[in-house]
């Protein structure tokens, strides 16, 4: 590992992973507040100083105003290994142990560090589903006739989910039943 002028490092144009908006701002903030993290997880480059691992960290370091960053030069990899590393370095293996996180950390800190964590339950906002008046349906739910659960979607799936829910609601389908049947079928496969 060595400390290198940031201007010598070349972002990898073939990097398939990006971090946008709020998550990027959190990455910049984490580098500003804890720059020693970069020494523990340096940017990985090839012998030509092209980034193999850490493109978004490099971008965040630039945004944070750093002029030098630690790099690890991986000059012994084949072209195939370099390409493979770019993908494998960004794959999130494993899962979080939410119980440990909940017992040892404040949710606000974890969110600030860029982890998508549990959020306090909120009342569903049905106005986003469609334009129709849902007051009767909401009254039924409040009286215990129906119950609602919250289902989270990744940002890039949200519009499709919204469109599909609206489609099935227009046909007066029982979406909850559809979801239950699908989840049971998937569970039976295990």
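The table for this structure:
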{"quantity": "Selection from region 33-88 of residues that are on the phi > 0 side of the Ramachandran plot and in contact with a helix residue (DSSP H, G or I) (Cβ under 7 Å, 6 or more places away or on another chain)", "calculated": "49"}
{"quantity": "Any hit, region 83-102, residues being more than 23 Å from residue 156 (Cβ to Cβ) and not in a helix (DSSP H, G or I)", "calculated": "yes"}
{"quantity": "Qualifying helices (runs of 4 or more DSSP H) (wholly inside region 1-77; at least 3 residues being over 19 Å from the mean Cα position of the chain (by Cα))", "calculated": "37-40, 55-63"}
{"quantity": "Residue 165 being in contact with a helix residue (DSSP H, G or I) (Cβ under 9 Å, 6 or more places away or on another chain), at pLDDT 80 or above, surrounded by 15 or more Cβ atoms within 10 Å (Cβ to Cβ) and outside the structural domain of residue 22 (by TED's automatic domain parsing)", "calculated": "yes"}
{"quantity": "Test: residue 89 is within 30 Å of residue 33 (Cβ to Cβ), at pLDDT 65 or above and surrounded by 12 or more Cβ atoms within 10 Å (Cβ to Cβ)", "calculated": "yes"}
{"quantity": "Hey, residue 177 part of a helix (DSSP H, G or I) and either modelled with pLDDT of 75 or more or under 29 Å from residue 28 (Cα atoms) (or both) or not", "calculated": "yes"}
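The values are calculated or read from the model by the stated rules, or taken from the named source; none is laboratory data. Given the structure is predicted, the values throughout are model-derived calculations rather than measurements. Here Cβ is always computed from backbone atoms with ideal geometry, including for glycine, and neighbour counts include all displayed protein chains.
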